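Following: one structure in C-alpha cells, then a few remarks.
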Amino acid sequence: MSSSYGTFSTRQEERRKRTVPDRVLIRRVYNYAKAHKRNLAIGLSATVAGAISGLGSPYMHAIAIDRIISPKNLSGFIWWIPLFVVIILGNYLFQYIQTYQMRIVGEKVVAKMRDDMMEKLQVISLRYFSEGEAGRIISRPTNDANTVRIFLRVGLTSILVDVSSILGAFAIMFYLDLRLSLLAITVLPVAIVLVWFLGRFSRAAYRRTLVTTSGLTARMQEDLAGIKVTQAYAREKEAEEKFSKSQHENVKATIRAILISSSYTPFVIGLRLVGTMIILFYGVNAVLTGTITLGVLVAFTEYQFAYFMPLVDLVTMYDQYQSAMSAIERMFDLIDTKVEISDAPPERSVAIQ
Amino acid sequence: MSIAKPLLDYAKSLRPQKGLTQSVSAFKRLMKYHRKYSSFVVVIVVLAVLRSILFSIEPLYTTFIIINVIGPPSNTSLLGGYLLVIILAGIGFTITNFVLLFTQGVMSQYIVRDIRTDYYRSLQGKSFSFYDSMAVGDLTSRATVDLQLVDMFLRTWLGTVLNAVFTAIIIVAIILPISPTMTLIAMATMPLIFYVTTRLWIDTMPLFRNMQLIIGRLTSYIQQNIIGMKTIRIFRREKDVVDGFKEVESIYVNTAISAGKIQSKYMPLGPSILTLGIVLVYVYAGYTLGIPGSALAVAQVGNIILFARYMMRLTFPIRDVSQTLGTWIAAYAGLERVLEITDAPRNVEDLPNARDIKIEKGKLELENVTFGYVKDRPVLDNVTFTVEPGEKIAILGATGSGKSSLIYLIPRFYNIQQGSIKIDGKDVREFKLASLRKQIGVVLQDVFLFSGTLKENIAFGKPDASIDEIVQAAKLARIHEFIESLPTGYDTAVGERGITLSGGQKQRITIARALVSNPRILIMDDSLSFVDAKTEQEIQSAIEEAAKTRTTLIIAQRFSTIKTADKILVLESGSVAEFGTHEELLAKSGVYKRVYETQFVQKTSPVLEKAGDV
C-alpha cells in the first residue's frame, strides 16, 4: 500500500488508463539498467541463490533430528555442523550481495531517468508549463520517480525472493513426500482466491482514499495560497473548520481501506494453520505407518510456513507493481515528449546586428 | 554562480552526527500524540499479549502430538483433540490479529489527523514574514508526503514491537521449565541480535535523514525550475540547471548506496545469528540427552523439535522489528519537517490584555515606527505621521522603499520593533488581532480569490452579509455590471473549476471584498501597473469610490490616484522624505516634484489626466 499519493497528482492522473504494455516498459527500464549489467547480474543471481539457500535450513533440521539426534548417531555432527554453518553463512552472504547490488542498480537507474527528465524539461515547449499543467509535470521527476525508486529497492527483490522461495519450497516438499505435498497445498487455492478477492476490495477502497487525499491536498494548497487574505479578514477559524471537514472525509475513507487491508495477514495466517493441521492429521499416520520420518513431518510444517508467507507477499505486491508501472509510464511519457522548437544548427545561426 | 549552488552547499553541509538525538526527541513527541488515545493503546497491548499466546500454541501442540500421539506408546485417539486446539487457536489468532491491526490503523489515522491539525493551525497563525520566506508547495508536501511516512510507521510500530517482546517472553516461559540450560543456550545469541539491530539503526539513521532532507530540497528545486522555466529559457541557463541538479542528485545517490551497504550488512545478520543458535541447541541436546549409543526417547526428540521451531518462530518478529526501524527512519525525517513548522514561533499574537475595540473614527497615528525583517536592518526607520479620519493618503516610493511594509504594519501583519501605531488614540496592540483586522479593509497586492462563487468571495470578510450589502460593495468597486452580465451572476464559480477572470476584474473583486464590511480604514496595495487604459480607468474609478468615506492609505502607481489624494507621503529608503498635499510638495521642489515631472507629466499624463477626469 505504500505508493505515494503525490502532492500534485490530480484525480485524472490517478485514474488515467495505462496504454503502454508492461513488457515494453520493463524493456525500456532494462535499457537503463544495462549500464550496470554486472551489478544486475550479480544481484539477481545472489537473490535466487539466497532464497534457495534459505530453504536448506528446514531440511537440515530434518536430517539432524532423523539421522543424528534421534538415533544418537553423534558422529554425524562432524559433517552436519560445517554444512549447516556454510549454508547459513552462504545465505547471509547472498542476501548481503543481493541487497547491496540491487540497491546500486535501483538508485542509479532512477537517477539516470530523473536526469533525462530534467534535461528534457529544459527543451520542451513552454506550453507544457502553463497553469494547471505545471503540477502534473512536477510530480514526474519527484513523486513518480520516488514510487519507482521504492519499487526497485523493495518490490523487485521481494518478488524475486518470493518466487524463488515458493518454487524452491515446492520442489523440496515434492521431493520429500508427494502425497503429503499434495495435501499440504490444498489450502493454497483458497488462500489465493481469498487474497485476490480482498485485493479487489482493497484497491477500490484505496482509490477512494486517493480522491480524499487529493481533495485534502488541494484544500491545503488553496488555503496556503490565500493565507494572507484569510489573515487579513480574520477568517482563520472558518478555514480551520473547512479543513477539518476535509480531514474527516479523508480519515473516514482511509479507515475503511484499513479495515480491508487489516484482514489480509490474519486470514492468510489462519489458513496456514489449517494447512498445518491437515499436514499433521495425515502426517502423524504416515509417521506411525513408517511412510515418513518424524524429521520430514516437522520439515513439512516449516516448509509450509516458508512458501505461504511469500505467497501473500506476492499477491499484495501486485498493487505496488501496478503503481510503479503507471509511474514508469508517466516518466517515459515526459522523456519521450517531442521537442517542438529545437536550436538551429550553428552554421545556420544568424547574428543579430 | 551556478543556480544549484545553494542546494549543493546545503547537501554538502549535512553532517551525519545529529540524527540520533533528533530521532529520540521526535519519538517522544510522537508518544505525546499517543497520550490522547491511551484506551486504544491498552486495547492493543492486551490484544498483542493474546496474539502472542495464540501464535505460540501450534508448535507446543505439535510437540504434544509427537510425544503423546506418535509415542511410543502411540495413542491416535488424542490427535483429534490436539488438532482442535490448534485450529481454535488459529481462529482466535486470526480474529485477535485482525482486531489489533484495525485498532492500530484507526489510531494511526487519528494521530496523523491530530498532527496535521496542529500543523495547519500553526500555519494559520504564522505572520506574513513566515510566508514571505516559504513556498506553498513545500508547506503542502510536508502535510501530505511527509505525514504519509509518519502514517506508515504508526500503522505497524506498536504491534510489531509488542509482538517481538511478548512472543519472546512467552516462548521463554514455555521452554524454560522444559530445560533451563537449553533455554539459556537458545537465548545466548539474543544480545548479539539486539546489538546488530541497534547498530543498523545507529549507522543508517543519519544517512536516511540526510537523504530525506536532500530530496525535500531537490523537489523544491525541480518545482522552481518548472515554475520559472520561462526566465531560465530567456537567460539560457538550462545547462546550468541540469548540471547543478545532477551534482546534487549524485550526492543523494551516493548517500543512498552507502546506507544500502550498511543495511545489507546488518539486516540479514539477525536471522542468521538466530539460526546459528539452533545449531548450538542441536549439538547440546545431541551430546547431553539420552544414553550414549542408544536412540533418544520420543519425548526428548519432541522437546528438541519444540526448541528449534520456537527459535525459528522468533526470526519473524526480529525481521519485523528491523523493518519497522526502517519505516521509523523515514517517518522521523518527515515528522521532523512537520514539527519544525508547527514549532516555529508565531511572531504576531494577541497580547494578554488585548480586547475587542470598535474603531469609531479612523484616526491613524504612527510615531517613530521602526521595522525590519531582519534585526538591525531596518526597512522602515523612525517613521512618524498622522492621518485624520476620512483622509486619503497616497504613498509613493521606489521599489524597496518600504511602502508595502508600512501599510501592512497597521493590521499587524508584522510586528514593529520600535515606536507605536495608534488608531483613534489606541495602540494597535491593545486590539485583539481578529477585532483589529475585521475592521480594516485590506486590498493586497496579490489578487487572490478562493475557489467558490463570486458572492462568497466578496462576502469573505463578512460571511453573513446580505445580498444587498454584497451588491452595494460590488457597485462601489465598479464590478457589479460585469457580474450581472454573467449568466449565473453572483453565483458564478471562480477558481480551478470556474471562470477565468482578468487581472483587472480580479482586483475589483478584491476591492469589493474589502468594502463589504464598510470598514473605517482601508489600506490598498495597488501595484497593478500593466493594464490597458479602459481597465485602468475602471480600477481608478473603483478606488475613488472606495476611498470616499473612509481613512485610506494607498500605495499608488497612477498619477490620478496621487492627484486626488488629500496628502502624499513620499518614502525614501525607509524614511519619510516628504508629507503633504500635492501643491505643498510641488512648492517644496523636492523628491516629489522631480518624480512628478519625470514620471507623470511627460510620459503618461494625457491618458492619466483623462482617466482622472472621469
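The values are calculated or read from the model by the stated rules, or taken from the named source; none is laboratory data. All of these numbers come straight from a predicted model, not from anything done at the bench. Counting neighbours? That spans all protein chains shown, and the Cβs are built from the backbone with ideal geometry, glycine included.
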Could you check how many residues of region B:21-77 are more than 11 Å from chain A (Cβ to nearest Cβ) and within 30 Å of B:LEU147 (Cβ to Cβ)? 28
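Residues in region B:402-430 that are in contact (Cβ under 8 Å) with a residue 60 or more places away in the chain and either farther than 21 Å from A:LYS228 by Cα or of a type outside the set (Phe, Trp, Tyr) (or both): how many? Even if it seems obvious, please write down each step before you answer.
Restricting attention to region B:402-430, the residues satisfying the condition of being in contact (Cβ under 8 Å) with a residue 60 or more places away in the chain are B:402-404, B:406-408, B:410-415, B:423-426, B:429-430.
Pick out the ones that are also either farther than 21 Å from A:LYS228 by Cα or of a type outside the set (Phe, Trp, Tyr) (or both) and you get B:402-404, B:406-407, B:410-412, B:415, B:423-426, B:429-430.
Residues that pass the stated criteria total 15.
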Given B:LEU101, B:LEU83, which one is closer than 21 Å to B:SER56 by Cβ, in contact (Cβ under 8 Å) with a residue 40 or more places away in the chain and at the interface with another protein chain (Cβ under 7 Å from one of its Cβ atoms)? B:LEU101
Kindly indicate whether any position in region A:309-322 is surrounded by fewer than 20 Cβ atoms within 10 Å (Cβ to Cβ) and facing another protein chain (nearest Cβ under 9 Å). yes
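Is it the case, given these coordinates, that B:SER179 is small (Gly, Ala, Ser), in the same structural domain as B:ALA308 (by TED's automatic domain parsing) and farther than 28 Å from B:SER250 by Cβ? Write out each step before concluding.
On the way: small (Gly, Ala, Ser): yes; in the same structural domain as B:ALA308 (by TED's automatic domain parsing): yes; farther than 28 Å from B:SER250 by Cβ: yes.
Yes: the conditions hold for B:SER179.
In the list B:ASP132, B:ASP118, B:ASP138, which residue meets the criterion of being farther than 30 Å from A:MET277 by Cα, touching a helix residue (DSSP H, G or I) at 6+ places or on another chain (Cβ under 8 Å), of a type outside the set (Gly, Ala, Ser) and modelled with pLDDT under 90? So that I can check it myself, show each step before the final result.
Working: B:ASP132 fails: touching a helix residue (DSSP H, G or I) at 6+ places or on another chain (Cβ under 8 Å); B:ASP118 fails: modelled with pLDDT under 90.
Just a single option satisfies the conditions, and that option is B:ASP138.
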Wholly within region A:93-188, helices (runs of 4 or more DSSP H) carrying at least 3 residues that are in contact with a helix residue (DSSP H, G or I) (Cβ under 9 Å, 6 or more places away or on another chain) and at pLDDT 80 or above: A:145-150, A:156-176, A:178-184
Hits in region B:368-381 - residues which are exposed (fewer than 15 other Cβ atoms within 10 Å of the Cβ) and part of a strand (DSSP E or B): B:ASN368, B:VAL374, B:ARG377
Pick from region A:14-23, criterion modelled with pLDDT of 75 or more and surrounded by 12 or more Cβ atoms within 10 Å (Cβ to Cβ), ranking: nearest to the chain's Cα centre (by Cα): A:ASP22
Can you report the number of residues in region B:469-495 which are within 24 Å of B:MET524 (Cβ to Cβ) and assigned to a helix (DSSP H, G or I)? 13
Is there a residue in region A:248-258 that is farther than 25 Å from B:ARG142 by Cβ and either more than 9 Å from chain B (Cβ to nearest Cβ) or modelled with pLDDT of 85 or more (or both)? yes
Identify all residues within region A:81-116 that are of a type outside the set (Gly, Ala, Ser), at the interface with chain B (Cβ under 9 Å from one of its Cβ atoms) and under 19 Å from A:ARG140 (Cβ atoms); write none if there are none. A:GLU107, A:LYS108, A:VAL110, A:ARG114, A:ASP115
Being more than 8 Å from chain A (Cβ to nearest Cβ) and at pLDDT below 85 is the filter here, so list the residues in region B:427-451 that pass it. B:GLN445, B:VAL447
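Does B:THR492 qualify as being in contact with a Ser or Thr (Cβ under 8 Å, 6 or more places away or on another chain) and more than 23 Å from B:ARG412 (Cα to Cα)? First the steps, then the outcome.
Details: in contact with a Ser or Thr (Cβ under 8 Å, 6 or more places away or on another chain): yes; more than 23 Å from B:ARG412 (Cα to Cα): yes.
Spelling it out, B:THR492 is indeed in contact with a Ser or Thr (Cβ under 8 Å, 6 or more places away or on another chain) and more than 23 Å from B:ARG412 (Cα to Cα).
Name the residues in region A:274-291 that are touching a Leu at 6+ places or on another chain (Cβ under 7 Å) and either closer than 19 Å to A:LEU188 by Cα or in contact (Cβ under 8 Å) with a residue 24 or more places away in the chain (or both), would you? Outline the logic, then answer.
Going through region A:274-291, the residues touching a Leu at 6+ places or on another chain (Cβ under 7 Å) turn out to be A:277-284, A:286-287.
Listed by number, the residues that qualify are A:MET277, A:ILE278, A:ILE279, A:LEU280, A:PHE281, A:TYR282, A:GLY283, A:ALA286.
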Restricting attention to region B:86-98, and to residues there that are in contact (Cβ under 8 Å) with a residue 40 or more places away in the chain and within 9 Å of chain A (Cβ to nearest Cβ), which single residue is surrounded by the most Cβ atoms within 10 Å (Cβ to Cβ)? B:ASN97
Kindly indicate which of B:PHE27, B:PHE64 is out of contact with any Phe, Trp or Tyr (no Cβ under 6 Å at 6 or more places or on another chain) and either assigned to a helix (DSSP H, G or I) or surrounded by fewer than 20 Cβ atoms within 10 Å (Cβ to Cβ) (or both). B:PHE27
Looking only at region B:280-293, which residues are crowded, with 19+ Cβ neighbours inside 10 Å and among the hydrophobic types (A, V, I, L, M, F, W, C)? B:VAL281, B:ALA285
Subset of region A:283-299 (residues that are part of a helix (DSSP H, G or I) and within 11 Å of chain B (Cβ to nearest Cβ)): A:GLY283, A:VAL284, A:ASN285, A:ALA286, A:VAL287, A:LEU288, A:THR289, A:LEU294, A:GLY295, A:LEU297, A:VAL298, A:ALA299
So which of B:ILE521, B:ILE543, B:ILE470 is modelled with pLDDT of 90 or more and out of contact with any Gly (no Cβ under 6 Å at 6 or more places or on another chain)? B:ILE470
Note: among B:LYS28, B:LYS36, B:LYS5, just one is more than 23 Å from B:ILE171 (Cβ to Cβ) and more than 25 Å from the chain's Cα centre (by Cα), namely B:LYS5
Would you mind stating whether B:LEU162 is closer than 26 Å to B:THR275 by Cβ, assigned by TED's automatic domain parsing to the domain that holds B:TYR282 and of a type outside the set (Ser, Thr, Tyr)? yes
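Listed residues B:THR96, B:THR63; which is more than 14 Å from A:GLY270 (Cα to Cα), polar (S, T, N, Q) and assigned by TED's automatic domain parsing to the domain that holds B:GLY302? Write out each step before concluding.
Values: B:THR96 fails: more than 14 Å from A:GLY270 (Cα to Cα).
Going through B:THR96, B:THR63 in turn, the sole match is B:THR63.
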